[in-house]
Structures are given as structure tokens and as C-alpha cells.
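Accompanying notes for the structure given below.
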Amino acid sequence: MQRSILKDLLILLGMFGLIWLAASLFSYPENPQLLSIEKEERLGEVYVDLILLNPIFRELENERVDSAVRMIGKRLEEGLGHSEYNYRFVVFENEMINAFTVPGGNILISSGLIGFCDSPEELASVIAHEMGHVEERHVVSRLIKELGIDILTSGNQYVMGEVTGLLTSTSFDRKQEEEADQFAAELLEHSSIEPRTLASFFRKLEEELDNELMKHFEIVSTHPNFRSRIRKALSYVPGDDFEALPIDLDWEGIRAGL
Amino acid sequence: MEYHPLPQPDEIEVRVREDAMGAYFMMFATAAMGLPLPILNLVAAVIYFYVNRDKGRFVQFHTLQSLYSQIPVTLLNSGLVVWTIVNFAKDYDFTSYYWGYLVMTATAGLIYFIFSLVGAVKARKGIFYYFVFFGKVAYHQVYRIRPEHGTSAPKNRPPDY
Ligand SMILES: [Zn+2]
């Protein structure tokens, strides 16, 4: 009797475990695995081109700024080590304080943000946060959730318009923000940049939360929880062998030339 | 292990059959009542069991079977309520595991409902209807012949032979 009861129990547990698993796989196609990195990169290229066609996001033509951003990006990529993505950093001409991520490792940065950052390290901490969204595939999850994988990859021009709209306005949820913050702190440390720059930069942002220029900045979209994010970023302690290497740029000169 | 003999349908009084059927319907009622806070209906179900304790083994079996099968459904529902509240409170994503869990919980609720309905109809006809697992557990608990223990009140039993 006991044996037969136990067998029944195992059958029940197994059956419902399978239902959970199967339903998780099929019921909600938000899984970023649905889109391969190669496909993501191909899509990303198209989206970046589309976004840059929009006069709001016109690419900034300033060799000095470009090379500065490339230098910061390179430092972070070296800190990251192996990545499936080929990063591309694009600066667009807009006074809004903004930076966002387009699929395929494309990070778009406004000239307004560069002017707002008091040091290249501050800009590096924003870029590191965005790279967190890339590596954790938050953007892809978001798009698949909003549109579904079939629509996303359909290549339809109306869909493209919708996607670019989403990309330039998407905010992430609190968990994703915290993941990106954590990622940024670690990446900064590995890149020999003081990880607590993130916290000091957040504090600066917090004082400016009412600033109209920041209303599209995804990094501050989780207002109510901003304090706890600052606390978390502050409590990140780099390892004993950590040594900050300054990013060697004439930052004031670069900002003056914007 | 020894079990008490099972009564045949024609040996069970109509009043007893109705009480046994009532157990399933009672569970539905408490389940509906307990929707916002699923754990409440378990409390009500346990009370129902104790109130009907002395109505004989047939009623006890059906009440227990209904009660036991309700426990996992209730736990699943509670989990869903907690998960949903946490997601809203902390602004977490409703992940695929959440939706999978929701589907599983709904499936469990539906299966429980169908089996209970069948159980109620069979009970009304004086028939034993065993759910997977829970039926066996309830039968085992109600019909198993327990060894006497000294502290309880004396009971008259037929002689051993
Ligand atoms: Zn972010």
C-alpha cells in the first residue's frame, strides 16, 4: 500500500513538474535565446541606421569626441574580456542627457550626456551599465516581450518603425536595472576604473531628476528605487589588488569642443 | 496491514451518502470563499472534517480525500498570490516561469474540480471513488485497523479469532 501511494505521489509530482516546465517554455516567448546573437547583430545594424536617420539622433561629427568614446569603450571591452558582441559606440547630437542600447552591442550616447559627465570615468560608468544590458540581453528580452519573436524578425517596415520607437524609449524593470548596475560595477573594476564612480554619478543624477533634459534617460527610469541603487553601488568594494588607472583624456577640452 | 471491510453501495444509508457528497461541495464553497487568501479554505475544510468526524468511515473517507486533494491546490494558489504580489511590489518581470506556474496552477485547479465533481456524484451513489494518491492516502487513514492504545476510551470489538 505505502509503495503504491509513493508511486502515485511521484507520478503526480512528475506530471505537474513537467506541466510547469512545458508551460514555461511555450506560454511566454520572452526568452532571449529565441534570437541568436548573429541575428541580433544583423537586426541591430539595421536599427542603428534607421535611428540615425532620425534628425533627433543625427550622428555627431566630432573626431575628438569619437576617439575619446572609442578609447573609453576599448578600456571597458578589455576589462570585459571575451564577449559575443562586437561593440559599437555612436555619439549623436542632442542636448538631452541620454544613452541607450540597440540590439547587437550598439550603444548610443548623446552629446548632452558627454557634456553632463564631469570625467571620462563617469561616462565609462554609464557605458558599463549599458554594456550590462547588452550582455544580459535585456534589450532583446524587452523587444521579444513587447512584439513577439515572429514580428520582431519579420523585417516589415512598420515593425521597424515600432522597434526604433521602443528602443529609444524603452525602460527596464528594477531587476534588470540592478543587474546592469552590478555588471557595471564589476566591469569598471576589471577595467581599472573606480567602481564607485557609478554611485557618485548616480548621486549627481539624483539631484537632477526633475531636469527635463533627463526624462528619456533609461538609467534613471526607476526613480522610486534610485536610493537603494545608490546604496548598492556604494557598497561595492573592489578587491585588494584593485588599482585605478586614470583615463588619459583632456576631458575639459573635449567637452568645450562639443 | 489490515483494513476494515468496505461497505457495499446498498449498505450505505442515503443520509450518509449525502453527507459524503456534501464534503466535496463544502470544499468548493470554502475554495470560493478562500480565493483572496487561499489558506483560509484549508482551515474551513479542517473544521468541516472535525464536525463530521463521527458520521462514519464512508463520510470520513470522502471528506479526507477532498481535504487532502485540496492541500496542494491551495498551496499552489497561495504561491501564485505571493509571487504575483512580490512581482508587483518589487516591479519584477513576469517571467516565463511565472506564466508556466500559472498554467500549472490553473491545470491543478481544473483537475481538482473535475475529480471532486465525479467524487461527489459517486459518493451520492454510495460508491468509493479513489483519486490518484489522495484516494489511497484517505483510504489508508480511515480504513486501516489501528492498534489499540491504552489511553483511549474502551471500545467494544468482536472477539479475535
Ligand atoms: Zn539601465
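The dipole here belongs to region A:33-256: it is taken about the Cα centre, uses +1 on the Cβ of Lys and Arg and -1 on the Cβ of Asp and Glu, and is about 540 debye. Sorting B:L110, A:L249, B:L67 by accessible area puts them as B:L110, A:L249, B:L67; the probe is 1.4 Å, largest comes first, and only protein heavy atoms count. By accessible area, using a 1.4 Å probe on protein heavy atoms only, the protein assembly as shown has 59% of its surface on carbon and sulfur. Spatial offset of region B:121-140 relative to region A:196-247 amounts to 62 Å, using the alpha carbon center of each. In vacuum, with every alpha carbon of region B:9-143 counted as one equal point scatterer, what does the Debye formula give for log10 I(q)/I(0) at q = 0.10, 0.15, 0.18 Å⁻¹? Two decimals, please. Evaluating at q = 0.10, 0.15, 0.18 Å⁻¹ gives log10 I(q)/I(0) of -0.36, -0.70, -0.92. Annotation for the A:B interface, with buried accessible surface near 2200 Å², both sides summed [1.4 Å probe; non-protein components not counted]. Evaluated on chain A, the Kirkwood hydrodynamic radius is 19.7 Å, with distances taken between all distinct Cα atoms.
The distance from the alpha carbon centre of region A:153-180 to that of region B:1-19 is 64 Å, rounded to a whole number. If you take all other residues with their beta carbon under 15 Å from the beta carbon of B:H140, and give Lys and Arg +1 and Asp and Glu -1, the sum is +4.
A Förster radius of 25 Å combined with the Cβ-Cβ distance from A:E252 to A:L209 puts the calculated FRET efficiency at roughly 0.45.
Contact residues in region A:155-188 by the 50 Å² criterion (accessible area, 1.4 Å probe, full protein complex versus chain alone): A:D173, A:R174, A:K175. Here's the list of lysines a cross-link from A:K175 could span, going by alpha-carbon distance under 25 Å and ignoring same-chain residues fewer than 8 apart: A:K145, A:K204, A:K215, A:K232, B:K90. The residues of the protein assembly as shown expose, per residue, 52 Å² of accessible area to a 1.4 Å probe.
Of the DSSP H helices in chain B, those that are both long (alpha-carbon extent of 30 Å or more along the helix axis) and hydrophobic (Kyte-Doolittle mean at least -1.0) are B:57-90, B:96-124. Between B:Y130 and B:W99, the FRET efficiency from the beta-carbon distance, with R0 = 35 Å, is close to 0.60.
For chain A, the longest principal axis of the alpha carbon atoms and the long axis of helix A:2-27 meet at an angle near 40°. Computed from the Cβ-Cβ distance with R0 of 51 Å, the FRET efficiency linking B:V14 to B:K90 stands at 0.40.
Relative to the dominant Cα principal axis of chain A, helix A:138-147 is inclined by about 60°. The long axis of helix A:226-235 is offset from the longest Cα principal axis of chain A by roughly 80 degrees.
The values are calculated or read from the model by the stated rules, or taken from the named source; none is laboratory data. Since this is a predicted model, take the numbers as computed values, not measurements. Methodologically, a virtual Cβ is constructed for each residue, glycine included, from the backbone with ideal geometry; neighbour enumeration extends over all protein chains shown. Side chains included, ligands, DNA and RNA excluded: accessible areas come from the protein's heavy atoms. Shrake-Rupley method; radii C 1.70, N 1.55, O 1.52, S 1.80 Å.
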